[in-house]
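First up is the structure itself, then whatever we jot down about it.
The values are calculated or read from the model by the stated rules, or taken from the named source; none is laboratory data. Quick caveat, the model's predicted, so the values are computed rather than measured. Here the Cβ positions follow ideal geometry from the backbone for every residue, glycine too, while neighbour counts run over all protein chains shown. SASA here: full protein model, heavy atoms, side chains in, ligands and nucleic acids out. Shrake-Rupley method; radii C 1.70, N 1.55, O 1.52, S 1.80 Å.
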Amino acid sequence: MAERLFRDHVTHRLREKAASGHCPEALWTQIEEAGLTMALVPENAGGFGVPPAEALGLLRIAGAHGLPLPLAETLIANAVLATANMALPGGRLTIAEGEALRLEQRGKRVHASGHLTLVPFARWANRIVTIAVLDGTDHVLSLPVKVLSVAPAQDLAGMPRDDIKLDHTLAETDAVPLPRPMGGMRRLGALIRSLATAGAMETILEMSIQYANDRVQFGRPIGKFQAIQHNLATMAGETAASRTAAEMAVGSYDTPAFALTVAAAKARAGEAAEKVGALAHQIHGAIGYTQEHALHHFTKRIWGWRDDFGTELDWTRELGRAALSSPHDTFWHFITDSAAKGAPA
């Protein structure tokens, strides 16, 4: 259903308009009506209770179509709100890393202050959902965008990446302690970016193969040249490895192993994005850089997503710290055992 919806409606023109600042409201209405934003919410909380492996698979499909809307962010935000037994407000939601926020208890209400940086789709969203710490306990915050100070900015693909200044006393229902730690919002953000990157790279690979078969040089398609074949093989390997890593992270969602698998997935996706994007533009030549060609919508996205919710350097450091603090005798045992049983990162 999602594949059909995005194939029919996420066009080059729609991505162009979104990159110029026009939010595709009509498409969002269709996405909500299809129930895609509630897939990860349990049935007892009003959602559909789709298994994570299937629900989160929507994000790879969205990435493959370059969807210029916060479906990934809304899907995760609703799941986090449901975990904290908070109301699901509907509409477009987004997520942000809240570690830098300062929380202060004022009677029965919580006062939040500080900055949220590079928040995806903030000015197109109704609420920002984040996780911050108060008295040593993780709290979920549901922040209404209309009362916040928003400084508009954008990423490489022209999508909103806004900075937020916050100095606001929240309603009692908008700041709720989590029943169990979730490791902050960065891990969940890294997961959705890993999935979207894998999907976008699959589309970039398909476009590159098609162009290599269609473009004729010296009397034959350029795909017949060994150098081009080598580049396509490299792209295919990088794309497959990234998708596998992302699917491993999805498979460990909400388990102790998630801390390590999501770190590996985000690091692998970021490394692959650099290579796949560069090789795709080499194969396409000058036409791949033109505004009229669709390639740049996908390469700009994967390059921008490398920095969202931690770079590959950040996540490889997490993996390194986990390996150095591991109780296992050898690095091999750390790799094989931590994936099955989980280890703190």
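Please find the FRET efficiency linking Ala286 to Ala100, where r is the Cβ-Cβ separation and R0 is fixed at 56 Å, and quote it to the nearest 0.05.
Values: r = 42 Å, r/R0 = 0.75.
Rounded to the nearest 0.05, the efficiency is 0.85.
Hey, if you put +1 on the Cβ of every Lys and Arg and -1 on every Asp and Glu Cβ in segment 140-225, which of Pro221, Ala157, Val147 ends up farthest toward the positive end of that dipole?
With unit charges placed on the Cβ atoms, the residue in question is Pro221.
Taking only Cα atoms, what is the 0 to 90° angle, nearest 10, from helix 295-305's long axis to the longest principal axis of the chain?
40 degrees
Hey, what angle do you get for helix 71-83 against the long axis of the chain, alpha-carbon based, 0 to 90 degrees rounded to 10?
Roughly 30 degrees between the two axes.
Round to the nearest 10 and report in Å² the accessible area of Arg193, as given by a 1.4 Å probe over the protein chains' heavy atoms.
Arg193 has an accessible surface of roughly 10 Å² with all protein chains in place.
In debye to the nearest 20, how big a dipole does the chain give about its Cα centre with +1 on each Lys and Arg Cβ and -1 on each Asp and Glu Cβ?
Details: 33 positive and 36 negative charges, 96 e Å.
That gives the chain a dipole magnitude of about 460 debye.
Mind grabbing the accessible area of Ser326 for me, 1.4 Å probe, Å², rounded to tens?
Ser326 exposes around 30 Å² with every protein chain in place.
Amide H of Val110 versus every other amide H placed in the peptide plane: which residues, excluding those fewer than 5 positions away on the same chain, fall under 5 Å?
It is Leu170, by chain and number.
Report the Cα centroid-to-centroid distance between segment 125-184 and segment 1-38 in angstrom, as an integer.
What the calculation gives is 24 Å, centre to centre.
Along the charge dipole of the chain, Cβ charges K/R +1 and D/E -1, which of Trp332, Leu88, Leu69 sits furthest on the positive end?
The Cα lying farthest towards the positive end belongs to Leu69.
Of Lys17/Lys224; Lys165/Lys266; Lys165/Lys300; Lys146/Lys275; Lys146/Lys266, which sit over 29 Å apart, Cα to Cα?
Working: Lys17/Lys224 36 Å; Lys165/Lys266 27 Å; Lys165/Lys300 27 Å; Lys146/Lys275 40 Å; Lys146/Lys266 32 Å.
Too far apart for the 29 Å limit: Lys17/Lys224; Lys146/Lys275; Lys146/Lys266.
Please list, ordered by chain and number, the residues whose modelled amide H lies under 5 Å from the amide H of Asp163; skip anything fewer than 5 residues away on the same chain.
Leu118, Val119, Ala151, Ala153
For the chain, which whole-number percentage of the solvent-accessible area (1.4 Å probe, protein heavy atoms only) is attributable to carbon and sulfur atoms?
Numbers: 8310 of 15580 Å².
Ligands and nucleic acids excluded, carbon and sulfur reach 53 percent.
Roughly what angle does helix 312-324 make with the longest principal axis of the chain, taking Cα atoms, 0 to 90 degrees, to the nearest 10?
Roughly 70 degrees, rounded to the nearest 10.
Please work out which option in (1) 20.4, 71; (2) 19.5, 59; (3) 20.7, 78 gives Rg and Dmax of the Cα atoms in Å calculated from these coordinates, and answer with its label.
(3)
With every protein chain left in place, what is the accessible area per residue of the chain in square angstrom, probe 1.4 Å? Working shown, then result.
On the way: 15580 Å² over 345 residues.
Heavy-atom accessible area per residue stands at 45 Å².
Just order 169-179, 65-75 by mean Cβ neighbour count inside 10 Å, highest at the front, would you? All intermediate terms of the calculation are to be shown ahead of the outcome.
Working: 169-179: 15.2, 65-75: 25.5.
So the order, starting with the most tightly packed, is 65-75, 169-179.
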